[in-house]
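To start, the structure under review is shown below, and the notes come after it.
The values are calculated or read from the model by the stated rules, or taken from the named source; none is laboratory data. The shown structure was predicted, so the numbers you read here are calculated from the model rather than taken from an experiment. Cβ placement follows ideal geometry from the backbone for every residue including glycine, while neighbour counts extend to all protein chains displayed. For accessibility, only protein heavy atoms count, side chains too; no ligands or nucleic acids. Shrake-Rupley method; radii C 1.70, N 1.55, O 1.52, S 1.80 Å.
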Amino acid sequence: MRVELERSKLPGLRDDQLQLSDPGNTVCSLQTHSNSTHVVAVVPLNACGTQIEEDDDNLIFKNELTTVETAGSLITRKHMFEVQFYCQYPKRGNVTLSFTVHRKNVTIWERGFGMFTYQSEFYPNDQFQIRIDPNSYPLEFEIGTLIHMQIEAVSTVNNTELFVESCRASPYDNPNYPSTYVIIENGCQVDPTIKIHPPAHNKQFRFSMEAFKFIGLHDLVYISCSVMMCEAGNLDTRCSQGCIKSNSTNSRPKREAAIQTARHFVSQGPLRLRRSSERAQSPVTNLNLNLVFIAGCFLAVVGMISAAVVHKSRTPKIKYQLLPAAEN
């Protein structure tokens, strides 16, 4: 809470004659924020003697400025001035938060290549005709189903080609996250389920792979790729080298002319993997539960019959015989 008092309304009153309910803490000093025209008190909600009250709708924080004979006094007999103040906060409120899930396109300018834009999108099938609506993100998949992704460079410069050097998956939208799953590395396919599809032109890269989830409490998957543009057909570019194994020493010198761009990161997601509890329960599971219930009932009946047989077998046999007629 912040309270300001005009000094012109407090003639003859010194700063050391004013204090909050409990001035013991240094943050409660009026000297810190006051100036030549105003006495200023900045009061924490949990210090300086602030008290809290509540009603059905609000939390109310109260304190007061009062005069004292000497600084730090506990009592006064010359109570000349007192200002009570409070702040109240509603107990309930509406909070709205909006954010864009679908990643935006990445626009780059580089010497020799001009302005170009990377587009990274998911598609419903391997025909790559109509992209999935950005408003439907995060996209929901089940583990093992195929996901289809296309990366495309839009450029007005002819005779250029796109190269995807690496792709990684992470539970967070951060390509530098320490625990990532490698899909493509150094232009080589690493994930065993990945399938590369032929592009419509040399500025596209299309692939499919089986959906997966990260172990632990991670339901989201983001895919980030390192991409670059090269002069098409030039054997001295990284694009022309393709897959390079980690132990390979094959490298080509770069010419001074701009024949390839720097590496750029593009990402898209998230993919949300459905939890097992969200999936429809299979008939097999229902059948198993029914079998367990029937078997349980059967065992219970058998148990009752067995108990009855045991009880009957343990019941002592009573022999009856005629008693002699009573004589008078």
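Residue check: Lys213 meets all listed conditions (1) out of contact with any Pro (no Cβ under 7 Å at 6 or more places or on another chain); (2) touching a residue at least 60 places away in the same chain (Cβ under 8 Å); (3) within 19 Å of Lys104 (Cα to Cα); (4) open to solvent by 10 Å² or more (accessible area, probe 1.4 Å) but one, namely (3). Scan the range 100-131 residue by residue and report those that are farther than 15 Å from Leu271 by Cα and either of a type in the set (D, E, K, R) or touching a Lys or Arg at 6+ places or on another chain (Cβ under 8 Å) (or both). If the condition is that a residue be farther than 15 Å from Leu271 by Cα and either of a type in the set (D, E, K, R) or touching a Lys or Arg at 6+ places or on another chain (Cβ under 8 Å) (or both), then Lys104, Glu110, Arg111, Asp126, Phe128 are the ones that fit.
Does Ser208 satisfy the condition of being of a type in the set (Ser, Thr, Tyr), buried (at least 17 other Cβ atoms within 10 Å of the Cβ), part of a strand (DSSP E or B) and touching a residue at least 60 places away in the same chain (Cβ under 8 Å)? When the stated conditions are applied, Ser208 passes them.
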